[in-house]
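Right, one structure below, let's go through it.
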Amino acid sequence: MAFMKMAAAALVPVLCTLAFHFAEKKTPFQKLSDKKKQLVIGISFAALAILATQFGIPVNGAVMNVRNAAPLTAGLVFGWPAGILSGLIGGIERWFSPSGDYTRLACSISTIISGFLGAAVRRFMMDNKKVSWFYGLVVGVTSEVLHMLMVIFTNAADMQRAFHVVQSIAIPMIAANGLSVMLSMLVTSRSESSGAGQTKKAENISQTFQRWLLACVLLAFVATSIFIHGFQTRLSAQAADIELETNITDVKNDIHDASERLLLDITRQIKRELPTEVTQADVCRLAEKFAAAEISVVGPNGKVSSSSDPSLLGFDVASNERRAEFLLLLNDEQELVQEYSGGLEEPSAERKYAGIALSSGFLLVGHDLSYVRMQVDAQIKYMARNRHIGQNGSIIICDQDGAVVSGRADHAEEYIPIFDSAKSLGVQEGASFSAEIYGEESYVMYTKTEGYYIIGVLPKKEAHFARDASVYMQAFMEVLVFAVMFAFIFVLVNKLVVENVRRVNASLAQINSGNLDIKVEVRGSEEFASLSDDINATVSTLKHYITEAAARIDKELEFAKRIQHSALPSVFPPYPNRKEFSIYASMDTAAEVGGDFYDFYLLGEDKLAFLVADVSGNGVPAAMFMMRAKTLIKSFAESGMDIGEVFVQTNKNLCEGNDAGMFVTAWMGILDLNTGIVSYANAGHNPPAICRSGGEYEYLKTKANFVLAGMNGIQYRKNELQLRPGDAIFLYTDGVTEAQDPGKHFFGTARLLESLNVARGKAAEDICGNVLADVSAFAGESDQFDDITVLSVKFNGKAQPSTLRLVPDMNAIGQTADFLERELQALDAPVKVSRKMKIALDEIYSNIVKYSGADRVEIQCGAENGVLMLRFRDNGIPYDPLEAEMPDISLPVQERDVGGVGIFMVRRMMDGMEYMYKDGCNILTLTLSLQEEA
Amino acid sequence: MTIEKNLNGKTLEIKLSGYLDSGTAPDLEAVLSETLAGLQSLVLDLEELEYVSSAGLRVILNAQKEMSAQGQMKLIHVNETIMEVFDITGFVDILTIE
């Protein structure tokens, strides 16, 4: 019943812990501030402590309870303030509680200490974290051991009682409190770890250390306890032996003395009544009167002169060894009592003799044992009555049959059954043995005298008190000492090893994350200093190699970058003679080599292909893939395919052997320089911005097709748009729109449009420059994440040749020459080219004036594709100068004529000469490359 | 075109500048027809002359024909374009060019 109550009491703090643990997680309680939580928990657990006091189980004047578990649990599980608070309240309440006066001080103090202990363990040993069940058990046990010691020390005046109290309550209270705290730890850690896949963490050093230390200490603890127990048992048994022996010897002497005194008394009376002249009749009469077995008078010569036993008359005393002792009475000795011995005539009869010296000779009186006993019994009946051995031990005097003659007043037994067993066990007189006497296991020793058995009894409980006390005290002290030792080892290991290892690890973590400049500086002990030095040396060697390798890679990447960039057209303006368009592009790689690229080239004389593309990823693989894509696109474009087909074929080729799974987004357009029509295709690329008819830039939103190299068999749509002179297209990669400022904001498409519109109408180079400057200003200090590539094309339209119309007349020749001069200057034509053109003009115009009969002529001059063009249109008679007869240029000077030489010269000097007759007009077109011949 | 004449006895040196085409050839022709008679030597300095068209060639050819009969004629400081014209037309064969 007491056990059940104890168990129930121990479970209450566990349930309360579980309740608060749950409340902290799932109920509005969790919203309280920390201070309030601690207050509520502290008061609740104080209430538990008070309840434990009130419902304690009285044992031997003390109260058995589970009070200390509450403040301990509060401190260990919920926090040090709750622990201290509940400990203080519980302890103070205990002081004023009416129950268990005997342990009032001890309980009160130990409850307060429990609160502080739980708080201290959590705060200083566990880093303010909840402790494991193992520590819970240890702390619970330690606190209760402290409690027990307090009980003993506060009642030091009566050690024995204090010890008895402790002995009866110690084990259940230590067990209940320890288990209660342990269970509280266990239920909270269980409910925490359930559900989430619990990974078994490796033990830390101090835990391992403690575990092994605990094993060793436990072993030592058990061994010393066994040793001390055995040693103390021997000691107390020996002490008991001595005590028993002393006591029974005393009693034996007392009995001996009593019987001696009795015999002497009788003998003295006989002597008084003995007449001077002793006769046989006197002796017999006296023997009868005093119930003596024998009365003999021995003469000075040592011979029996008269005796109640006539056969002894004349017996020489000296002839009997025992009787010879009495011869001393002939000398100085006055009285002598002899031990029992057989009578002379009846050797088997136990007889006791006393002798008194007479004026001459001596008187010898012998009594039978039975008589003596009868007389002595009355005397020793009370002898053992008030005797004690130790506190509770006793003396029992029995006769030869085991009947009690004298025993303790409080025990009325008349027969001691062990007596038989002791006899049958063959226990020697004077040797101690164990037996149950008066219902108590005791040490027993006996001795025999005068026909009595004197039995000494010492209860083992009493004999062993010192032993038990010392074993308990030792156990308590060891628990305390080891608890303190554990705490110290924990702190020491933490300070000397764990803390240093943590610092080394912290440094290593930084090194791992790439900071090779970190130095490990843990110099708390020689070992750690040496470890730090080794790590530092390793890191610095590593750093050296990395730096070297990085430098080598940098160099190679720099080469790769140069190769990559040199694959892109990078001379601007690329076509100085082409006035129909202007183009500018730029690529700025984030990595040493990037995945972006741009490209443009003329397809024939009147088509401009231009594109911007972005290969997934960057670095060397992307750059290699980019080179492949660029080459494929160019070769397909130059083969004359339409733009859709170029992408289809490129995609097909890139898909082959694309194990790395790379892909390319691309936007490519082909501008017809004559018509301004752009045919384009988009493979998953950002929409370009387009500026039309002097308006603002806007995005060209057409549905994109899938990326290149993403999947085989994709069809790419060919789209068209019409550009007017002055219109412009701007292509870019996502490195522009996704450039980030230090606040991680994107540059974005809106900002790009703004930036484009600021530079609207300017040259292609200025437009690109403005966008790049804006992106750079936006990004500020932040790193460039992606390649930034831009391309701008401006369509100027086909240059319309200038025209001069006039009536053919020789006088207007200067007018035509001026016209040509103006045009040539505008076209910045080289001198030699100009001269040739001027000659041609002179020849053809003068021909028309002289021979055509035309009344209208139109002269056009212009340049396209780097070719100077001069066209004549007249309404004269049809004349094809290409069919004119060649002059003979080998005649001697006198036969020479210059007729026909003019046309001939023109034909020889011009690169091209075309004639047609159309709508009643001769149309002659001369062309000459603007490039000066080498 | 400007024509600078420099007569030194029977030697006439004419310096031409500008261009010699159908517009200017008659001017040179007029100058020559006045001065060629009785000349032993004619030097045409073409340093400042840009180009020559077939009209100019005709004047030069006529001058050459006339001078061949009574003395000699030479052209100096001929530029590339004019030289090319002379080349094309085979005039290099009949002219003395220094």
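Would you be able to say whether some residue in the stretch A:472-479 is more than 21 Å from A:Gln167 (Cβ to Cβ), at pLDDT 85 or above and either in a helix (DSSP H, G or I) or in contact with a Leu (Cβ under 9 Å, 6 or more places away or on another chain) (or both)? The answer is no; no qualifying residue exists. The strands (runs of 3 or more DSSP E) found entirely in the stretch A:835-919 that carry 2 or more residues being of a type in the set (Ser, Thr, Tyr) are A:912-918.
Just one of (1) over 12 Å from the mean Cα position of the chain (by Cα); (2) more than 10 Å from chain A (Cβ to nearest Cβ) fails for B:Glu50. It is (2). Taking A:Lys798, is it charged (D, E, K, R), away from chain B (no Cβ under 14 Å), surrounded by 22 or more Cβ atoms within 10 Å (Cβ to Cβ) and not in a helix (DSSP H, G or I)? No, not satisfied. Screening A:Asn811 with (1) among the polar types (S, T, N, Q); (2) exposed (fewer than 14 other Cβ atoms within 10 Å of the Cβ); (3) touching a Leu at 6+ places or on another chain (Cβ under 7 Å) gives one miss only, at (3). Checked against (1) of a type in the set (Lys, Arg); (2) modelled with pLDDT under 85; (3) farther than 30 Å from A:Lys381 by Cβ, A:Arg503 passes all but a single condition, namely (2).
This table checks each residue for (1) buried (at least 17 other Cβ atoms within 10 Å of the Cβ); (2) touching a strand residue (DSSP E or B) at 6+ places or on another chain (Cβ under 8 Å).
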| residue | (1), (2) |
| --- | --- |
| A:Ile788 | yes, yes |
| A:Leu806 | no, yes |
| A:Thr816 | yes, yes |
| A:Asn847 | yes, no |
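The conditions of being surrounded by fewer than 22 Cβ atoms within 10 Å (Cβ to Cβ), within 14 Å of chain B (Cβ to nearest Cβ) and closer than 30 Å to B:Val92 by Cα are met by A:Lys832. Evaluating A:Leu286 against the criteria (1) in contact (Cβ under 8 Å) with a residue 24 or more places away in the chain; (2) in contact with a helix residue (DSSP H, G or I) (Cβ under 9 Å, 6 or more places away or on another chain); (3) buried (at least 21 other Cβ atoms within 10 Å of the Cβ) leaves one unmet condition, (1).
Of all residues in the stretch A:8-28, one or more are surrounded by fewer than 24 Cβ atoms within 10 Å (Cβ to Cβ), in the same structural domain as A:Met150 (by TED's automatic domain parsing) and touching a strand residue (DSSP E or B) at 6+ places or on another chain (Cβ under 9 Å). Looking only at residues in the stretch A:796-833 that are without any contact (Cβ under 8 Å) to a residue 12 or more places away in the chain and among the polar types (S, T, N, Q), the one that is nearest to A:Leu671 (Cα to Cα) is A:Gln825.
Only one residue in A:Leu891, A:Leu928 is at pLDDT 90 or above and either at positive phi or within 14 Å of chain B (Cβ to nearest Cβ) (or both), so which one is that?
Criteria check complete, one pass: A:Leu928.
When the stretch B:25-45 is filtered for residues that are in contact with a strand residue (DSSP E or B) (Cβ under 6 Å, 6 or more places away or on another chain), aliphatic (A, V, I, L, M) and either within 13 Å of chain A (Cβ to nearest Cβ) or not in a helix (DSSP H, G or I) (or both), the ones remaining, listed by number, are B:Leu39, B:Leu42, B:Val43, B:Leu44. No other residue among B:Ser22, B:Ser68 is more than 24 Å from A:Gln815 (Cβ to Cβ), of a type outside the set (A, V, I, L, M) and facing chain A (nearest Cβ under 7 Å) apart from B:Ser68. Listed conditions (1) under 51 Å from the mean Cα position of the chain (by Cα); (2) not assigned by TED's automatic domain parsing to the domain that holds A:Tyr584 are all met by A:Thr789, apart from (2). Looking across the stretch A:90-125 at every residue that is in a helix (DSSP H, G or I) and of a type in the set (Ser, Thr, Tyr), the one that is surrounded by the fewest Cβ atoms within 10 Å (Cβ to Cβ) is identified as A:Tyr102. Can you find even one residue in the stretch A:883-892 that is surrounded by fewer than 19 Cβ atoms within 10 Å (Cβ to Cβ) and closer than 21 Å to B:Tyr51 by Cα? Within the stretch A:883-892, one or more residues are surrounded by fewer than 19 Cβ atoms within 10 Å (Cβ to Cβ) and closer than 21 Å to B:Tyr51 by Cα. Applying the condition of being touching a residue at least 40 places away in the same chain (Cβ under 8 Å) and closer than 18 Å to A:Val849 by Cβ to the stretch A:899-924 and asking which residue is nearest to the other protein chains (Cβ to nearest Cβ) yields A:Gly902.
The conditions of being out of contact with any Cys (no Cβ under 8 Å at 6 or more places or on another chain) and farther than 25 Å from A:Leu673 by Cβ are not met by A:Ala829. One residue stands out in the stretch A:376-427 among those that are aromatic (Phe, Trp, Tyr) and modelled with pLDDT under 75: the one that is surrounded by the most Cβ atoms within 10 Å (Cβ to Cβ), namely A:Phe419. Taking the criterion of being assigned to a helix (DSSP H, G or I) and either within 14 Å of chain B (Cβ to nearest Cβ) or of a type in the set (Ser, Thr, Tyr) (or both), the residues of the stretch A:801-822 that qualify are A:Met810, A:Asn811, A:Ala812, A:Ile813, A:Gly814, A:Gln815, A:Thr816, A:Ala817, A:Asp818, A:Phe819, A:Leu820, A:Glu821.
Considering the conditions (1) in a loop (DSSP other than H, G, I, E, B); (2) among the hydroxyl-bearing types (Ser, Thr, Tyr); (3) out of contact with any helix residue (DSSP H, G or I) (no Cβ under 8 Å at 6 or more places or on another chain), A:Tyr716 is excluded by exactly one of them, (3). Exactly one residue out of A:Asn682, A:Asn686, A:Asn618 is within 13 Å of A:Arg717 (Cα to Cα), crowded, with 21+ Cβ neighbours inside 10 Å and either polar (S, T, N, Q) or in contact (Cβ under 8 Å) with a residue 60 or more places away in the chain (or both): that is A:Asn682. Scanning the stretch B:71-85 for residues that are under 19 Å from A:Lys836 (Cβ atoms) and more than 10 Å from chain A (Cβ to nearest Cβ), we see that the one that is surrounded by the most Cβ atoms within 10 Å (Cβ to Cβ) is B:Val78.
The values are calculated or read from the model by the stated rules, or taken from the named source; none is laboratory data. Not measured: the values here are computed from a predicted model. Because the Cβ atoms are built from the backbone with ideal geometry, glycine has one as well, and the counts that use them run over all protein chains shown.
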